[in-house]
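The structure under discussion appears below in the form of structure tokens.
The values are calculated or read from the model by the stated rules, or taken from the named source; none is laboratory data. Here the structure is a predicted model, which means the values were calculated and not measured. As a convention, Cβ positions derive from the backbone with ideal geometry for all residues, glycine included, and neighbour counts pool all protein chains shown.
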Amino acid sequence: MTLIEHAAALFNLMLTPEHAAQFDQFAMDLADWNQRMNLTAITAPDEVMVKHFLDSLSLVKAIVPQPEQHLLDVGTGAGFPGLPLAMILPGLRVTLMEATAKKLAFIAHLIAEFGLKNADTLHARAEDAGQNPAHREHYDIVTARAVARLPILLEYLLPLTKVGGICIAMKGSTAHTELDDSQKALKVLGGKFQDLIDIQLPGIEDLHTLVVIEKIRPTPTDYPRKAGLPTKTPIG
Ligand code: SAM
């Protein structure tokens, strides 16, 4: 099955042949740039389609589209999950945040190549951006994949989320345990569990799970703590 067929069957997304051509180009550029910098361990085209593109697009299962919505992808790496979403949802504003500048050069190249008007990059660590008034409690949706365990990740994501907005953590089989371990972090940071959404990707045995957290109260100004501290001494 093609990307277009999978996206329709799994997520009810109607991608065009132009989208498919852009995703093909994305996969080619990823393999090409990956020879010069460490962007991903996954470069075989079929694997990129499932583990990077379809996995990223699975976020549509947790997003209720609203006008002027702004999504922040924390620790985006080579652009996952934020860039595929920006490519197919022109009405969604997407900011791709990453601590490593050279990875953002790859993303900036793709944004220019595809002429995306709704995507931009942000070179920052989540702990610093979360204390910056330009970014703190600014985003409607804050997401991340493969960045940290949930109790740590919530200290990155919740300070950046508007009250009334949501965080979506993309997790694997550890989603339930990580959520159990995050009860104190949720309470301290102003979050509330909303939903667990299981995603079955083609050819992948283990379920992927979207952990959806609502931001119900402002985060105390003590959080996020200084860069490195959330990992060193997670809340809880
Ligand atoms: N999200 C991408 C994906 O799933 O393919 C990349 C995952 S990679 C394993 C983790 C990325 O998060 C790295 O590129 C790293 O530089 C970035 N990162 C880790 N901690 C961060 C932080 N505190 N603030 C911003 N980026 C961070």
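Can you tell me which residue is surrounded by the fewest Cβ atoms within 10 Å (Cβ to Cβ) among those in the stretch 111-128 that are of a type in the set (A, V, I, L, M, F, W, C) and more than 17 Å from the chain's Cα centre (by Cα)? So, considering only residues that are of a type in the set (A, V, I, L, M, F, W, C) and more than 17 Å from the chain's Cα centre (by Cα), the one surrounded by the fewest Cβ atoms within 10 Å (Cβ to Cβ) is Ala112. Applying a threshold of 6 Å to beta carbon distances and a minimum spacing of six or more residues, or different chains, the list of pairs starting in the stretch 72-83 at a residue that is within 16 Å of Leu210 (Cβ to Cβ) and ending at one that is more than 6 Å from the ligand (Cβ to nearest atom) and among the charged types (D, E, K, R) reads Gly82/Asp73. Considering Thr161, Thr174, the condition of being β-branched (Val, Ile, Thr) and more than 16 Å from the chain's Cα centre (by Cα) is satisfied by Thr174 alone. Scanning the stretch 129-148 for residues that are within 12 Å of the ligand (Cβ to nearest atom) and assigned to a loop (DSSP other than H, G, I, E, B), we see that the one that is surrounded by the most Cβ atoms within 10 Å (Cβ to Cβ) is Gly130.
Restricted to the stretch 87-107, and to residues that are in a helix (DSSP H, G or I) and more than 15 Å from the ligand (Cβ to nearest atom), which residue is surrounded by the most Cβ atoms within 10 Å (Cβ to Cβ)? Step through it out loud before you land on a result.
Initial filter on the stretch 87-107 (in a helix (DSSP H, G or I)): 87-88, 101-107.
Those left that are additionally more than 15 Å from the ligand (Cβ to nearest atom): 87-88.
Working: Met87: 25, Ile88: 20.
Taking the candidates together, the pick is Met87.
Among the residues examined, Asp55 qualifies as modelled with pLDDT of 95 or more, surrounded by 17 or more Cβ atoms within 10 Å (Cβ to Cβ) and among the acidic types (Asp, Glu).
Among the residues of the stretch 172-225 satisfying the criterion of being part of a helix (DSSP H, G or I) and of a type in the set (S, T, N, Q), which is farthest from Glu5 (Cα to Cα)?
Gln183
Flag not set for Pro151, criterion: in a helix (DSSP H, G or I) and either within 13 Å of Asp73 (Cβ to Cβ) or touching a Phe, Trp or Tyr at 6+ places or on another chain (Cβ under 6 Å) (or both).
Among the residues of the stretch 41-59, the ones that are more than 24 Å from Asn12 (Cβ to Cβ) and without any contact (Cβ under 8 Å) to a residue 12 or more places away in the chain come to 3 in all.
Please indicate, with yes or no, whether at least one residue in the stretch 107-114 is closer than 21 Å to Leu15 by Cβ, of a type outside the set (Phe, Trp, Tyr) and touching a strand residue (DSSP E or B) at 6+ places or on another chain (Cβ under 6 Å). Taking every residue of the stretch 107-114 in turn, at least one turns out to be closer than 21 Å to Leu15 by Cβ, of a type outside the set (Phe, Trp, Tyr) and touching a strand residue (DSSP E or B) at 6+ places or on another chain (Cβ under 6 Å).
Considered as a group, the residues in the stretch 112-127 that are part of a helix (DSSP H, G or I) and either touching a helix residue (DSSP H, G or I) at 6+ places or on another chain (Cβ under 8 Å) or of a type in the set (Asp, Glu) (or both) include one that is nearest to the ligand (Cβ to nearest atom), and that residue is Ala126.
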